[in-house]
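For reference, the structure discussed in these notes is given below.
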Amino acid sequence: MRIDSRFVKKIRKEFPGAEIDPMGRNRAFLDNGAGTLVALRSAEREAFARIDWSANVGNLFPESIGAEETILEGRQAVSDLLGANGPETIVSGESATSLLFSLSYAMGRGFSGTENVVTTGYEHYTNINPWVELGTMGRIRELRFAEFDLETGLLDLDKLAALVDNRTKVVTVSAASNVLGTRTNLREAGKIARDAGAHFVVDAVHHIAHGVTDVKACRCDALVFSGYKLFSRHGSFMYMRPKLIEGLTPYKVFSSPKHGPEKWEWGTRDQAMFAATTGAIDYVSWIGYPSAKRPPKPGKQRRSRLLAAFKAIEDYEKRLSDLVLEGRGRLKGLLNIPGLTLYGPKDTGGKTGRDPTFSFKLQGWDDRKLSKLLWDKYAIAVGAEDYFSRVPALYKAETMLRATFVHYNTEREALAMLKALNEVAKRKR
Ligand SMILES: Cc1ncc(COP(=O)(O)O)c(C=O)c1O
């Protein structure tokens, strides 16, 4: 399966917000790093489950049974998305942040205060503060950062390995930086953790929409992602190795389940959140097999369609990224617009490639003012923030502009962004 301009047109029909914003303005939505647009299949499935299965689990009437089935289906869909071993490995939560805090607290119970946690220099604070908190509580001595190369935006994993020692309890990395687009080689990072006898934890929130996620291939102990970065609504999931699900003790109330993923879940579940996630995952699997008349069967069939879908998505996003970086004809790309500094990998090659996330600054421009101009004059939606990341500060910046593409974005939108930046860069200030 190849995503070409005809297929993208079809794909955009799945996203009512892809062309026109709620105020009726035709625009290019490039703020996907902050949260993607919602796929129709996700919203429809959520609405259906919200109305029809609106009851709590554990009773004998249809609404309650339906809610329970919807939750189980959602866990299975997430398991297929992540290449996990089944619904019993999938925990849900309010956000990736809450899930990582829950995990770090539970892990910290077993630490003595002499240990350390090792992470990368490009984490979102969601994957920093849960471990900082363990230091504040006296559960670990140190959180160590493996710093990336400021010039290339790449992380040399030997630097990560050099920080790991026999007191390292957790190695935790993001699958991709939400500012730089840099991908972490998860297999190698996982091996470094395993060789040291440390847990391996992955923050896949930013990367989840951009490529295959495979918890078995990277052999992680836990991995988190959030629905709103995957064409769905808020609400997040954590894959956990069954040994950890059973072996650790999370904060919980007395009567809540003592085993399985439910042991990790606070309060009662919203079945509609699970339905929305199943809808989004089935939407992605459709890209892998667009002639399919109905949703895939859970398990192997869904996983194989998802693998095909993400292969097509990666290939399409790589083509878009090459265009954004290099430009076309007289339109300069981010690599050569005068006065523009691009942070992060300068190409789409290497062992891991990169996510289509581009953070930059234009000389002489305040980021907020430029993002306003891009919106007001050119109808291009990009971010101008710190993205809850320490990365801008490492470049001595408070904020950066950020454009994140996903597979429903078009070449036309990429060219529109470049045209706007080419024009603004030529202006005298
Ligand atoms: C890499 C990364 N991790 C974590 C988060 C936060 O996720 P949540 O809002 O689900 O806590 C984000 C959000 O932007 C992110 O990009």
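The values are calculated or read from the model by the stated rules, or taken from the named source; none is laboratory data. Fair warning: this is a prediction, and the values are worked out from it, not measured in the lab. All Cβ positions, glycine included, derive from the backbone under ideal geometry; neighbour counts span all protein chains shown. Accessible surface is based on the protein model in full, side chains and every heavy atom, while ligands, DNA and RNA are left aside. Shrake-Rupley method; radii C 1.70, N 1.55, O 1.52, S 1.80 Å.
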(request) DSSP loop (so not H, G, I, E, B), at most 13 other Cβ within 10 Å: list which GluC sites (Glu not before Pro) in the stretch 353-429 pass both filters. (result) GLU398
(request) Pick out, from LEU230, LEU334, THR114, the residue whose Cα sits farthest towards the positive end of the charge dipole of the chain, with +1 on the Cβ of Lys and Arg and -1 on the Cβ of Asp and Glu. (result) LEU334
(message) Give me, ordered by chain and number, the residues 5 or more places off THR168 or on other chains with an amide H under 5 Å from its own placed amide H.
(response) ASN116
(request) Please give every one of the lysines within straight-line cross-link reach of LYS426, meaning a C-alpha to C-alpha distance under 16 Å, and leave out same-chain neighbours fewer than 8 residues apart. (result) LYS332, LYS361, LYS377
(request) Sequence neighbours fewer than 8 away in the same chain don't count; with that in mind, list the aspartates and glutamates whose C-alpha is under 16 Å from LYS216. (result) ASP80, GLU88, GLU188, ASP203
(message) What three numbers, in Å, describe the spread of the alpha carbons of the stretch 46-281 along their principal axes, ordered from the longest?
(response) 57, 38, 26
(request) Would you list which lysines come within 16 Å of LYS293, measuring only between C-alpha atoms, while excluding same-chain residues fewer than 8 positions from it? (result) LYS10
(request) List the relative contact order of the chain as a percent without decimals, with contacts defined as Cα pairs under 8 Å and 6+ residues apart. (result) 23
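At 1.4 Å probe size, put HIS407, HIS234 in order of accessible surface, largest to smallest.
Most to least solvent-accessible, the answer reads HIS234, HIS407.
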(request) Can you list which of the trypsin sites (Lys or Arg not before Pro) found in the stretch 231-303 are DSSP loop residues with at most 13 other C-beta atoms within 10 Å? (result) LYS258, LYS293
(message) With every protein chain left in place and a probe of 1.4 Å, what is the accessible surface of LEU244, to the nearest 10 Å²?
(response) 20
(message) I need the shape label for the chain. Rule: rounded when a/c is under 1.5, else prolate if a/b > b/c, else oblate, with a, b, c from the alpha carbon gyration tensor.
(response) oblate
(request) Determine the distance separating the Cα centre of the stretch 264-327 from the Cα centre of the stretch 48-100; give it in Å without decimals. (result) 17
(request) Go through SER226, SER98, SER255, SER54 and list them by solvent-accessible area, largest first, probe radius 1.4 Å. (result) SER255, SER54, SER98, SER226
(request) Obtain the nm distance between the two label points defined at ILE51 and LEU307 by a simple spin-label model: each point lies 7 Å from its Cα along the Cα-to-C-beta direction. (result) 3.9
(message) If you take every DSSP beta bridge fully contained in the chain, what fraction is antiparallel? Give it as a percent rounded to 5.
(response) 55
(message) As a test, work out the antiparallel percent of DSSP beta bridges whose residues both lie in the stretch 46-281, rounded to the nearest 5.
(response) 35
